[in-house]
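The values are calculated or read from the model by the stated rules, or taken from the named source; none is laboratory data. None of the values given here were measured: they were computed from a predicted structure. Cβ: placed from backbone, ideal geometry, glycine included. Neighbour counts: every protein chain shown.
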Amino acid sequence: MKQILDRDGHLSQADALTASRTELLEIYRLAKLTRRADEEMLRLQAEGLGDLSFFVPSFGEETAHVAATLALEFDDLIFRGLRGSGIALARGVDLHAFFAAALGCDQAMGRSLPGLSAEPEFSICCGSARPAASLMPAVGAARALALKGQAQPRIAVAFFGVGSTQHPDFAGALELATHLESPVLFLATSDRQGPSGEIAARAENAGVSAEYVDGDDAIAVFESVRSLSQIVRQDGRPGLIEMAVEFPEPGGNPGSNPAHDRLGNFLKSEGLLPDDLSREINRAIDREVVEARDAASNLKTQEPRPPSEQIFAEVLCRASADLEGQDQNYRDFDAEYGGSEDPDARCLL
Amino acid sequence: MKQILDRDGHLSQADALTASRTELLEIYRLAKLTRRADEEMLRLQAEGLGDLSFFVPSFGEETAHVAATLALEFDDLIFRGLRGSGIALARGVDLHAFFAAALGCDQAMGRSLPGLSAEPEFSICCGSARPAASLMPAVGAARALALKGQAQPRIAVAFFGVGSTQHPDFAGALELATHLESPVLFLATSDRQGPSGEIAARAENAGVSAEYVDGDDAIAVFESVRSLSQIVRQDGRPGLIEMAVEFPEPGGNPGSNPAHDRLGNFLKSEGLLPDDLSREINRAIDREVVEARDAASNLKTQEPRPPSEQIFAEVLCRASADLEGQDQNYRDFDAEYGGSEDPDARCLL
Amino acid sequence: MTTDRDNFPADPGVDNRPMSDMATQILEGLTKAMLADDKVLCLGNETETQGGLFGATRGLVEDFGPERVLTLPDNPRAQLATALGMAHAGLRPVLSLNFGDDVLGALDILCDDIATLRYRSGGQNSCPMVLRLPSGGGIGAGPAHSRDLARELGGQAGLRVVACGSAATAKSLIEQAIRSDDPVVLLEPKSLYRERAAARVAELDRALVLHQGDDLSLFAWGAAVPVAREAVEQAAELGIEIELIDLVSINPLDEETILSSLRKTGRGVIVEEGSKRGGIGAEVAAVIAERAIDSLEAPLLRVAGWNTPLSRCGEELYRPDCGRVMRAVEQVIDF
Amino acid sequence: MTTDRDNFPADPGVDNRPMSDMATQILEGLTKAMLADDKVLCLGNETETQGGLFGATRGLVEDFGPERVLTLPDNPRAQLATALGMAHAGLRPVLSLNFGDDVLGALDILCDDIATLRYRSGGQNSCPMVLRLPSGGGIGAGPAHSRDLARELGGQAGLRVVACGSAATAKSLIEQAIRSDDPVVLLEPKSLYRERAAARVAELDRALVLHQGDDLSLFAWGAAVPVAREAVEQAAELGIEIELIDLVSINPLDEETILSSLRKTGRGVIVEEGSKRGGIGAEVAAVIAERAIDSLEAPLLRVAGWNTPLSRCGEELYRPDCGRVMRAVEQVIDF
Ligand SMILES: Cc1ncc(C[n+]2csc(CCOP(=O)(O)OP(=O)(O)O)c2C)c(N)n1
Ligand SMILES: Cc1ncc(C[n+]2csc(CCOP(=O)(O)OP(=O)(O)O)c2C)c(N)n1
Ligand SMILES: [Mg+2]
Ligand SMILES: [Mg+2]
């Protein structure tokens, strides 16, 4: 297992570090931000606001997600499944948009599960809730990006977890990627308590260059993703990085976070994270997260359901007659029966 | 690659031979019989009789199929796909039934593709036309056979070719078999010109005991299947044998048959197949095949289509009202419009 | 407080058992079937053998052991194929999926290999299995985990499809599904798992007349049944006597019960949870248009899901509700 | 000798091109689209990129090279997912399967991931792909390779489904399918690949009135269209003037054309290749029962495949033929 920072945050291979100080600080901040944002999302879920019952936090994998995302080029096309808050935040999706998307107050009106929103300005594709569903599409996208005529060498990247690797489409994606010689980078988070390096081994077996990395070591993740993504980009062939992370125990203290601490200790030892800066980062995160959460909650409270015309929009590229008819029908109904927000109250008696 | 008979039919490992003389002669006869039967089927196909356009002969793999089938216990449950004439004939399905099933003159009335018939008296399950479709069901059946309460230790066996191994359900079947510890034996025929032992290697990788065998060596096939099937049976775990065979070139002489010849040469060198016996076998096969073919063709010519009531039978365990209605409707129609055999002639004018 | 909706109207089919929820009724049916016949076994991924995502298999593995409550890999294709293979070997497997939607990647196995086995083999092989599919919306699970699946599975030759319209019939239906020699899909509306009712008997291919009435026939199944019940009560207060039919069986369809009700009332409304376009409601309408046109005194309206995917947020705006049913009822009555 | 069925009646939409078969018309449409837009590329397994099981891609890889006619592994799930990914990256893939039935193991990808992408993403992502499915029976391919797939795919929100009713419309339909920004399934009846006709224009979501008549409306699509044509001719000799509608689009359905014909004739028969139960014919009937009941003067009959799997032997007894259509026509006319 590749490791650059040891468990205490000491640099074990100094020459392996290419990330700048700014990048490292940004990884640290974003990992903390992601954790906080996910915590707030769980709070909203507990309060029953915003149809969040299927929200899944990324506790434990957020540092790896953030480090990996920052190591990519900005226009590399990202595919993700559930559990990837840090990916969007690291790409620059702002917190307001993040909460609004989850609560259904954005363009997509919460049609899909939380955490799967399309972010085209950030080269993030709309995700799918099914396990492994993003893997083979990422391979196809990578092949398309590599076709002559596309300007810059971009690659496609798929983030996923162990659940996806147990689906037969994981094997299908590896096979497809070698068959098509697609410049796709598979980024899998695994449980460091689980079987060690098994996902990377399966990839190697299928002819996909793979690395097994300490996913709680933000620097190792960053450097591995940076270097393997360049190989994938230059050589036009697939790669996989398995990032082993420590997931919090179910019901365990969600505050403890070995990956944050490890990077934090390193930054402190390098004099990059004095106590006042650390406090300032935490305070700023707190403020921003709470403000964004409240803004989105307010939006949601004002308009708890999508406006009716939006029910019928964007099914096809232009409205078909049946959808127009259903839309009209719905409006007539609202007009006739008062359009109460409470569907039960819309019963006649 | 395991070999017991070399290309010229010399026994290279005398102590590896446990098959009796009778068994070896029977393999030889059945392999020849299968080849002849498939040839006649192609003839009927060319003549356009009996909706045989999707019949696929098993040229090249028939010796392996026959040897493998005879090495199993009679009540081991066989699953097969297309291309397995020798399996049924080796189990004892008689030639009349064989032709009748293909032409649709048996119980199943040719509803499915030729070569997929259910033969419950011979422990052969109804096959599926889709690649790899029999593999995972065989695993499930094996698990069921192994459950306490079933009398004798029976195993399930799946025959298939390279096409099936390219389907994701092959990997799924291997995984399922190890997960369930199913006593299932996978028997794959591969092309000896193709990648060598790759199927067996994939099985080993997935934790399934595998052997790579010269599939044109009937003795090697017989001995491998006999010994691995006993291990599968006793230990209650899956096994796979890859049998590499020489397929005739498309358009090549279908008469040449290295696997027949190899076994034939051995039998001759042992004095088991004097010329007159060889001639007698060929003559008997010819006579039986032609007679069975003609009998089935006559049946088919007399009744080229299934009787109408059979259209609606066996959809469910008892007829539902809609099917009874359609059946009645069909009868009324025939009564009204004369029931000509030519559907065009049934038009009103 | 629970209201005893499922005992309305008083019905000889209702027994005196205490009310329990649909998950419990299914569990009772499974348990009874497994006790009665040791060829019956339960299959599913770990979630399903350890109690089930919706709780319908809780305690089962403790009672019957891991051989009869067998954990399979998390691959619905492997799960369906295993069930098929086990049926070939003489067992009667009951396979539970987490979400009914998970079957969509395995319809070749279900519709080609399983459903047609009896036919293809000339009756020599068969696949007496039960496939339990949590179906439809109501829990905010988003578009990929909220299909009702009647559309995809309801017209597959050789496959029986049955929908629980309430907790009341669930136990009876799963018992009969297990006893059937055909493959049976049991659609279990997710929105009904926690509904409570006293058990009553239902037959596998027979529609249930839940309420008699002369003015209009209301046809529903699965999650649409409780919505239709509400409409029956509301309509009664307006003096409209609705006859409520729970189809129970989607395939085969009990055409005679449908037609005899329609012939009596002359008016019909169909309530369906899934999208309108191409749903089973269309089949009900088509049967009537084909066989009872001279009894029909008004348009046959369908109240169904919109022709859109189902949204997570605001999914209650997508699913048919009592208000929409009442509007259709009034339109048909006033025609 | 070829009869020019598709030019009947003389129609301004018919151009002067010589007749060619459906495979050729599809090939021409593909070629034209690939020449016009280099974002269009063809995908399939080796059989499909080397000419196609039914010959509709012959010569394409020679003309456009293996990057634009790209061979994929023989795994329909991988094929559909590749097309989806390519669409995400801005291309317009056309994926050809050997047999339409092969899509049944990948309906989650098609119906959840592809069809709903635009909706789920609030219009920010879309999947402009074409899925070519050889559909239906007629070549003795047995139950697992003869589905018409309108039933499974015709009611999926977000998925356009279009059926070629003859060689004539195939080129126009595939061109427009490729230009559409939505995912489009093109059902290509296997029994029509060798039919010859002169090309004519058809619109992607507009039904075609193939023959005008006042006595009865005959609704058909795909492989049922030539059967219906035959019935129109036969009926004419009996003095019955049939209006023949080729639905062309299964989803969305051109309800206005259907209804305006039915309102004119007051009588309707629906012809459908696939099984009757739960087919798209039911949807056509339901639309009429819902919206044109007061015009309807007779039962709406469906002539369809039986509610059974399709058999290899004797498959002509399973598929609707002119005789069965005529019987229904007579019943409806005599009502
Ligand atoms: C066929 C199927 N099995 C199980 C589920 C439930 N499920 C939804 S997402 C998911 C796991 C997704 O895996 P991944 O995104 O790779 O992350 P992991 O949870 O393993 O970290 C599962 C098991 C499902 N939707 N469908
Ligand atoms: C998804 C799919 N791909 C391809 C086919 C065409 N097909 C039918 S049987 C078959 C091969 C079956 O493989 P197998 O029985 O293992 O034998 P092989 O021909 O490889 O010897 C193929 C490719 C199909 N029916 N479905
Ligand atoms: Mg956005
Ligand atoms: Mg038999």
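Output the residues belonging to segment A:139-149 that are facing another protein chain (nearest Cβ under 7 Å) and in contact (Cβ under 8 Å) with a residue 60 or more places away in the chain. Across segment A:139-149, the qualifying residues are A:V139, A:A141, A:L145.
Among the residues of segment D:175-204, the ones that are over 15 Å from the mean Cα position of the chain (by Cα), among the acidic types (D, E) and farther than 18 Å from D:A33 by Cβ come to 0 in all. The set of residues in segment B:205-247 that are surrounded by fewer than 24 Cβ atoms within 10 Å (Cβ to Cβ) and among the polar types (S, T, N, Q) comprises B:N205, B:S209, B:S227, B:S229, B:Q230, B:Q234. Of D:A144, D:A168, D:A157, all but one fail to be in a loop (DSSP other than H, G, I, E, B) and more than 16 Å from ligand 4 (Cβ to nearest atom); the exception is D:A157. Just one of the listed residues (A:Q107, A:Q166) is within 14 Å of ligand 1 (Cβ to nearest atom), at the interface with another protein chain (Cβ under 7 Å from one of its Cβ atoms) and surrounded by fewer than 23 Cβ atoms within 10 Å (Cβ to Cβ), namely A:Q166.
I'd like to check something: does segment D:250-262 contain any residue that is more than 14 Å from chain A (Cβ to nearest Cβ) and more than 13 Å from D:A163 (Cα to Cα)? The answer is yes, given that some residue of segment D:250-262 is more than 14 Å from chain A (Cβ to nearest Cβ) and more than 13 Å from D:A163 (Cα to Cα). Of all residues in segment B:294-323, those satisfying the criterion of being free of Cβ contacts under 8 Å to residues at least 24 places away in the same chain, facing chain C (nearest Cβ under 10 Å) and either at positive phi or not hydrophobic (A, V, I, L, M, F, W, C) (or both) are B:E314, B:R318, B:S320, B:D322.
Scan segment B:144-160 residue by residue and report those that are surrounded by fewer than 24 Cβ atoms within 10 Å (Cβ to Cβ) and touching a Lys or Arg at 6+ places or on another chain (Cβ under 7 Å).
B:P153
For segment B:12-24: of the residues being of a type in the set (A, V, I, L, M, F, W, C) and more than 11 Å from B:L267 (Cβ to Cβ), which is surrounded by the fewest Cβ atoms within 10 Å (Cβ to Cβ)?
B:A14
The set of residues in segment A:106-127 that are away from ligand 3 (no atom under 11 Å from the Cβ) and out of contact with any Ser or Thr (no Cβ under 8 Å at 6 or more places or on another chain) comprises A:L113, A:P114, A:S123.
When you look at A:L89, is it in a helix (DSSP H, G or I), out of contact with any Lys or Arg (no Cβ under 6 Å at 6 or more places or on another chain) and away from ligand 1 (no atom under 16 Å from the Cβ), yes or no?
On the way: in a helix (DSSP H, G or I): yes; out of contact with any Lys or Arg (no Cβ under 6 Å at 6 or more places or on another chain): yes; away from ligand 1 (no atom under 16 Å from the Cβ): yes.
For A:L89, the condition - in a helix (DSSP H, G or I), out of contact with any Lys or Arg (no Cβ under 6 Å at 6 or more places or on another chain) and away from ligand 1 (no atom under 16 Å from the Cβ) - is met.
Take the conditions within 14 Å of chain D (Cβ to nearest Cβ), out of contact with any Ser or Thr (no Cβ under 7 Å at 6 or more places or on another chain), within 21 Å of C:A157 (Cα to Cα) and aliphatic (A, V, I, L, M) and apply them to C:I280. Does it pass? Yes; evaluated as a whole, the condition is true for this residue. Considering the conditions (1) within 16 Å of ligand 3 (Cβ to nearest atom); (2) buried (at least 24 other Cβ atoms within 10 Å of the Cβ); (3) at pLDDT 95 or above; (4) more than 9 Å from chain D (Cβ to nearest Cβ), A:G84 is excluded by exactly one of them, (3).
Among the residues of segment A:54-73, are any in contact with a Pro (Cβ under 6 Å, 6 or more places away or on another chain), more than 16 Å from ligand 1 (Cβ to nearest atom) and under 25 Å from C:G137 (Cβ atoms)? Within segment A:54-73, not a single residue is in contact with a Pro (Cβ under 6 Å, 6 or more places away or on another chain), more than 16 Å from ligand 1 (Cβ to nearest atom) and under 25 Å from C:G137 (Cβ atoms). Residues in segment C:96-110 that are within 11 Å of ligand 1 (Cβ to nearest atom) and more than 9 Å from every other protein chain (Cβ to nearest Cβ) were compared, and the one that is farthest from C:G137 (Cα to Cα) is C:L97.
Within segment D:285-310, the set of residues being surrounded by 24 or more Cβ atoms within 10 Å (Cβ to Cβ) and without any contact (Cβ under 8 Å) to a residue 24 or more places away in the chain comprises D:A285, D:A286, D:A289.
Every residue, every condition in (1) more than 16 Å from ligand 4 (Cβ to nearest atom); (2) crowded, with 23+ Cβ neighbours inside 10 Å; (3) in a helix (DSSP H, G or I), yes or no:
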site	(1), (2), (3)
A:S117	yes, yes, no
A:C126	yes, yes, no
A:P137	yes, yes, yes
A:A142	yes, yes, yes
A:L174	yes, yes, yes
A:T189	yes, yes, no
A:Q193	yes, no, no
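Of all the criteria given as (1) within 12 Å of ligand 3 (Cβ to nearest atom); (2) under 22 Å from D:T116 (Cβ atoms); (3) among the charged types (D, E, K, R), the one not satisfied by A:R130 is (1).
Of the residues that make up segment A:48-67, is at least one assigned to a loop (DSSP other than H, G, I, E, B), away from ligand 2 (no atom under 16 Å from the Cβ) and polar (S, T, N, Q)? Checking segment A:48-67: at least one residue is assigned to a loop (DSSP other than H, G, I, E, B), away from ligand 2 (no atom under 16 Å from the Cβ) and polar (S, T, N, Q). Annotation: A:A101 fulfils all but one of (1) more than 16 Å from ligand 1 (Cβ to nearest atom); (2) out of contact with any Ser or Thr (no Cβ under 6 Å at 6 or more places or on another chain); the unmet one is (2). Would you confirm, using the coordinates I've provided, whether B:P250 is under 22 Å from B:M41 (Cβ atoms) and within 14 Å of chain C (Cβ to nearest Cβ)? Against the criterion (under 22 Å from B:M41 (Cβ atoms) and within 14 Å of chain C (Cβ to nearest Cβ)), B:P250 does not qualify. The number of residues in segment C:292-312 being more than 15 Å from D:A292 (Cα to Cα) and within 7 Å of chain D (Cβ to nearest Cβ) comes to 3.
Checking A:F99, A:F55, A:F79 one by one, the residue that is away from ligand 4 (no atom under 16 Å from the Cβ), among the aromatic types (F, W, Y), buried (at least 24 other Cβ atoms within 10 Å of the Cβ) and within 14 Å of chain C (Cβ to nearest Cβ) is A:F99 and no other. A single entry from C:R118, C:R132 fulfils the requirement of being in a strand (DSSP E or B) and in contact with an Asp or Glu (Cβ under 7 Å, 6 or more places away or on another chain): C:R132. For A:S117, the criteria (1) away from ligand 1 (no atom under 16 Å from the Cβ); (2) out of contact with any Leu (no Cβ under 8 Å at 6 or more places or on another chain) hold in every case but one, which is (1).
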